[in-house]
Amino acid sequence: MNLNTPIRKAIGHRAIELVLGDITQQHVDAIINAANCRLAGGGGVDGAIHRAGGPSIMAETRRLYPDGCPTGSAVITSAGNLAAMYIVHAVGPVWNGGQRGEETLLASAYESSLRLADEHDCQSVAMPALSTGAYRYPLEDAARVAIATSAAFLSQLDASRPLVLVRFVLFSPDALAAFQQALA
Ligand code: AR6
């Protein structure tokens, strides 16, 4: 398998794509961030986005959302120095064994993010594997939820809506393989 070739699945005239890479380097309308419920900043994708995007993203987040964002939901800001127009800060669940509503919350975090991107007329979004780093959600299960939720969202979108591309940007070959299996 050539890991540099995007894997693509069409959903009508829209598509889900899988690539290996760094989400901060993506040229899309909206980049989804894996935030925490205080929107306090952290490591992983969040650290990379704030480093590359500069301090205006955190300043705006604090000003607009001083109370943070509940788990399973998302908020939107501009994207500072990044090539995107927006950052959608999504809060996935911490994995606690799977009996505490994690699957519903993870699906809800993805769906809220896609809804916000759609409401802001985005044509393309890049998403990380929410909750699979510091929050320890098992990769195969998380990939299944991510793909199923995104495919369902794209399928029910009105034909007139501009969103045509959901690109998952995976940070390791293992993550790419898990998402590839879920897409198949
Ligand atoms: N591009 C794409 N994916 C990445 C990148 C990158 N630059 N860097 C890491 N990943 P995590 P979570 C992958 O921990 O589990 C933060 O501190 C990584 O390999 O970023 O939702 C927040 O502030 C993993 O597969 O997010 C929260 O406190 C995936 O992104 C907490 O971590 C998610 O890992 C959120 O934890």
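The values are calculated or read from the model by the stated rules, or taken from the named source; none is laboratory data. Please read these numbers as outputs of a predicted model, since none were measured by experiment. Heads up, the Cβs are rebuilt from the backbone with ideal geometry, glycines too, and the neighbour counts pull from every protein chain shown. Keep in mind that these areas ignore ligands, DNA and RNA; they rest on the heavy atoms of the full protein, side chains included. Shrake-Rupley method; radii C 1.70, N 1.55, O 1.52, S 1.80 Å.
Miscellaneous remarks
- Fraction of accessible area attributable to carbon and sulfur, the chain (%, probe 1.4 Å): 50
- Across the range 1-91, Cα-Cα pairs more than 21 Å apart make up 36 percent of the total.
- Dimensions of the range 7-183 from C-alpha coordinates, computed as largest minus smallest value along each principal axis and given longest first, are 39, 38, 27 Å.
- Measuring with a 1.4 angstrom probe and ignoring ligands and nucleic acids, Ile23 comes out at about 10 Å² accessible.
- Near-label residues of the range 71-87 by backbone N, under 18 Å of a point 7 Å along Cα→Cβ of Arg62: 76-81
- Trypsin sites (Lys or Arg not before Pro) within the range 47-119, DSSP loop, no more than 12 other Cβ atoms inside 10 Å: Arg100
- At R0 = 25 Å, FRET efficiency that the Cβ-Cβ distance of His120 and Arg100 yields, to 0.05: 0.20
- Per residue accessible area of the range 7-183, 1.4 Å probe, in Å²: 44
- Taking every DSSP bridge with both residues inside the range 7-183, close to 35 percent are antiparallel.
- With the cut-off at under 14 Å, measuring from each backbone N in the range 144-172 to a point 7 Å along the Cα-to-Cβ line of Ala15 picks out 164-168.
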